[in-house]
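The values are calculated or read from the model by the stated rules, or taken from the named source; none is laboratory data. Quantities reported herein were computed from a predicted structural model and do not represent experimental measurements. Cβ coordinates were reconstructed from backbone atoms using ideal geometry, including for glycine residues, and neighbour counts include every protein chain displayed. The accessibility values were calculated without ligands, DNA or RNA, using every heavy atom of the protein model including side chains. Shrake-Rupley method; radii C 1.70, N 1.55, O 1.52, S 1.80 Å.
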Amino acid sequence: MTSKNMILRPKIALYEPDIPQNTAAIIRTCSCLNVMIEIIEPCGFLINDKRFKRVVMDYFDEKMIRFYENYDDFFKTKKKQKERIVLMTTKASISYSDYKFKVTDTLLFGRESSGVPEKVHKSVDMRLKIPLSFKKRSLNLASSVAITLAESLRQNKLI
């Protein structure tokens, strides 16, 4: 996978992920769909964690992953590149299926254990949710990424 092929594709960003198996599964999804993944540190685990390696297998490609030291660096870069940041959150009122994704959007997902802080909520361009039945709390992070990414790719005729 080359970065040239990913220029006109959405990106997935993970805010301080803390479950290695979820991050590994998301990397596999992004690898299979030719989508760049961005990780806002600190992570709650090391990349050499055996739980991470067991799930990511041979899908880990350093060219498709960008790390940011913190959320300030992430937001400064996105602003400079004029990319929209779309936060997926259970606290949103608009459904992801009612939103018109752009090919250059960055889809941001919060920490499994705590989401994102209020300062991140206030910094994004849009907040969306995946509507759930029966007042359930939330989907698994890897499932949420797959659902949202598939809709973005579908809308932009990239799958």
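For the reader, a short list of remarks on this structure follows.
- Within the stretch 82-92, no residue satisfies the criterion of being open to solvent by 70 Å² or more (accessible area, probe 1.4 Å) and among the acidic types (Asp, Glu).
- A count restricted to the stretch 98-110 and to residues that are under 16 Å from ASP72 (Cα atoms) and open to solvent by 20 Å² or more (accessible area, probe 1.4 Å) stands at 0.
- For SER95, the conditions (1) surrounded by 14 or more Cβ atoms within 10 Å (Cβ to Cβ); (2) touching a Lys or Arg at 6+ places or on another chain (Cβ under 7 Å); (3) over 19 Å from ALA25 (Cα atoms) all hold with the exception of (1).
- Members of the stretch 137-148 found to be touching a helix residue (DSSP H, G or I) at 6+ places or on another chain (Cβ under 8 Å) and either over 17 Å from GLU112 (Cβ atoms) or not in a helix (DSSP H, G or I) (or both), listed by number: SER138, LEU139, ASN140
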